[in-house]
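> This is the structure I want to talk about, given as structure tokens.
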Amino acid sequence: MNFGNQRLLERRLTAFSRAAAGFSTAVGLVVFFGWVFDIEPVLRISPGFATMKANTALAFALSGIALWSLAHNIPGNTSSRLCDKGPKRLARLSRVCAVVVALIGLITLSEFLFAWDLGIDNLIVRDHITTHTPHPGRMSPITALGFVLMGVAFIIMDFETKKGRRPAQWLVIPILLDGFIALLGYSYNVESLYHVVAYASISLHSALLAVLLPVGFLCARPGKGLMVVATDTTAGGWIFRRFLPTAVLFVPALGWLRLFGQKAGLYSLDFGTALLVMTNVVVLSVLIWWAASFVRNQSLDRTECEERLGKDKERAKEQAIFLERRVAERTAELQETVAELEGSSYTISHNLRAPVRAMHAYADFLLADFGEKLGETGRDYVHRIKASAERMNRLIEGVLAISRVSRAELRLASVDLDSLLDALVPDYAGPAHVQISHPLGTVRANQCLLEQAVSNLLDNAVKFVRPGTKPHIDVWAQPDHGKLRLVVHDHGIGVPSESGGRIFASFERVHEGYPGAGIGLAIVKRAVERMDGRVGFESKEGEGSSFWLELPTAEIQKKPLCANSALSR
Ligand code: ADP
């Protein structure tokens, strides 16, 4: 669930950062010129308050510029930049300002530490107003330390540890706390909070900027380091964005009210304290109740969603089981129908064999006994009847062979291709030259079906060559992701490209004038697919073909070659 628009939050935070930077520069410049033109109210805001020193004003102005440049130059965010050349210029500007700020702080700090005077305090403007300190014009050591931290923080602002932490953010937190305490001191009129020792007082505007600049610094990189939670769109981010402002603004305001009431004589110290404690308890309780109700509602919503999801999942599972069952039933029905069809086609083909053979035999008898009487035309007719009977017989044999391949019992085991080919090749060695690239490997297959498929491919490789050419066949195997592809390559007449995969269909022939019934490749396809394999070919007409079959590889486990020839064509 999303709580808040992250982009909008980020835009608002960077806008605040730029505003804080602008304000800091403006205040710094006004005070600096206040020193130049001797305008005292600008220097201390109210009579009796500490003055902001000229160097402090300058450092705040430069810090503002550094922050402004950094807030316009967010790495990876082109929309935040002013122009194309901007990133480099802005980076240089922010670095120069940051270094000067850190140096101002460092030199001043060294003056305190080593009790020397490097002349920096009154370098630009002479402080003739401050009389009660031994070093007029010098900022407080706490302010100096703050500028050192601020300067370093600007320089390493975008450095991030592997865990996504940003040390620069931790450097500005002490400045923020210091400014916050000083601001409380001014608002509660507790001098010790902003005037620790004689030369360690913080002016009101310094205190304000010491709060605004670090906050602006943190907001300049929303979603990074500590600020992840500020732009977070989870429940955590929602709570953070509501509670932090309440805690930071409301609690000090209550403290101020308590003091104001007491000073105005509305109640005594004891009563005021009790009132403050009670108000704090009420405010805290309301906040806790608010957070608890929010988290509770989220949990309830989530539980409800989870329950709904669980029910949906359950329903989906039931549906899946139902569908699976339906698919299984339909598949069984289809398998039964196919088996029935195959069975009847087998029976019909089988039964057709006898009449066809009888036709052929009687045609022979007719020729033998009455050939002379039939005359030329009569004998031609009888020869045609014989040829048709032979052709029909071949077709019937084809149908029977395909049926046998489809119905053969399928037991898969490891089949060693090397042994299988070695046993087959002698049959072809006479009419053809067969070259086998051993080792071929082992596949998971049915020995008999595979033997049938390979010999069909070899038959074709021997058969489809130009007349008078001795067939040259190469056989090799190539493994491919758990499969083994056996390739039978010939240098024969090839297959025209337009015939495509059609040649694997039953009774499909491309080349006339070559013996065959067009069922060899159909048997290869049917057999290989029954063994979870694939078939295919690449060919160029007139240049030869590569017919292949692909089967899952298997562990070596020698098996006897298929002894029966029941499957042969
Ligand atoms: P048959 O060999 O009985 O014709 P097949 O099913 O084995 O039937 O082959 C189908 C057709 O594919 C063949 O008629 C032939 O046109 C073509 N064919 C098969 N193998 C080859 C090959 N090695 N070279 C050229 N053509 C082939």
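Every number in this text was worked out from the coordinates using simple rules, so none of it is lab data. Being a predicted model, the structure only gives us computed values, none of them experimental. With ideal geometry, Cβ positions are generated from the backbone for all residues, glycine too; neighbour counts draw on all protein chains shown.
> Identify, among Gln435, Asn393, Val454, the residue whose Cα sits farthest towards the positive end of the charge dipole of region 345-471, taking +1 on the Cβ of Lys and Arg and -1 on the Cβ of Asp and Glu, with the dipole about the Cα centre.
Working it through, the farthest residue towards the positive pole turns out to be Asn393.
> What nm value, rounded to one decimal, do you get for the distance between Leu323 and Val228 when each label is placed 7 Å out toward the C-beta?
It works out to 4.0 nm between the two label points.
> Which helices pass in the chain if a helix is a full DSSP H run, must span at least 27 angstrom along its long axis by Cα, and must have mean Kyte-Doolittle hydropathy not below -0.5?
Qualifying helices: 6-36, 86-114, 167-188, 269-407.
> For an R0 of 25 angstrom, estimate the FRET efficiency from the Cβ-Cβ distance between Asp270 and Phe250 and round to the nearest 0.05.
Calculated value: 0.60.
> Now a separate question. Under 16 Å from a point placed 7 Å out from the Cα of Lys162 along the Cα-to-Cβ direction: which residues of region 217-245 have their backbone N that close?
none
> Under the 0.36 nm per residue contour assumption, what length would be gained going from the current alpha-carbon distance of Thr377 and Leu259 to full extension?
28.9 nm
> With +1 assigned to the C-beta of every Lys and Arg and -1 to the C-beta of every Asp and Glu, and no other charges, what is the dipole magnitude of region 184-263 about the Cα centre in debye, to the nearest 20?
Using only the charged Cβ atoms, the result is roughly 180 debye.
> Bin width 10 Å, origin at 0, all Cα-Cα pairs of the chain: what percent of pairs per bin?
3, 12, 14, 12, 8, 5, 6, 8, 9, 9, 7, 4, 2, 1, 0, 0
> Can you tell me the FRET efficiency between Thr331 and Ala413 if r is taken as the Cβ-Cβ distance and R0 is 30 Å, rounded to the nearest 0.05?
For Thr331 and Ala413, the calculated efficiency is 0.75.
> Could you pull out every one of the lysines with an alpha carbon less than 24 Å from that of Lys540, ignoring same-chain neighbours closer than 8 positions?
Hits, sequence-local ones excluded: Lys463, Lys470, Lys525.
> Of the chymotrypsin sites (Phe, Trp or Tyr not before Pro) in region 235-288, which ones lie in a loop per DSSP and count no more than 16 other C-beta atoms within 10 Å?
For chymotrypsin sites (Phe, Trp or Tyr not before Pro) across region 235-288 that sit outside H, G, I, E and B with at most 16 neighbouring Cβ atoms in 10 Å, the list reads Tyr267.
> Another question, if that's okay. May I ask you to compute the full-extension gain from Trp170 to His433, defined as 0.36 nm times their residue separation minus their alpha-carbon distance, rounded to one decimal in nm?
Extending this stretch completely gives an extra 86.4 nm.
> Show me the ranking of peptides 352-358, 510-516, 146-152 by mean Cβ neighbours inside 10 Å, starting with the highest.
My ranking of the peptides, most packed first, is 146-152, 352-358, 510-516.
> I've got another one for you. Please give the Cα centre distance for region 266-339 versus region 1-65, rounded to the nearest Å.
A separation of 47 Å, based on Cα centres.
> Report, in deg cm²/dmol and to the nearest 500, the calculated mean residue ellipticity at 222 nm for the chain, where each DSSP H run with n ≥ 4 adds -39500 (n - 2.57) and the sum is divided by the residue count.
So the helix-based figure for the chain works out to -21000 deg cm²/dmol.
> What length, rounded to one decimal in nm, is gained on full extension from Asp38 through to Arg391, with 0.36 nm per residue of separation minus their alpha-carbon distance?
Difference between extended and current length: 114.8 nm.
> While we're on this one: Taking the simple approach of a point 7 Å from Cα along Cα-to-Cβ for both Ser497 and Glu342, what is their distance in nm?
Taking the two extended label points, one gets 3.6 nm.
> About its Cα centre, what dipole magnitude does region 237-331 give when the only charges are +1 on Lys and Arg Cβ and -1 on Asp and Glu Cβ, stated in debye to the nearest 20?
Rounded to the nearest 20 debye, it is 200 debye.
> Still on this structure, please answer the following. Report the charge-dipole magnitude of the chain in Debye, nearest 20, computed about the Cα centre from +1 at each Lys and Arg Cβ and -1 at each Asp and Glu Cβ.
Around 1420 debye, computed over the chain.
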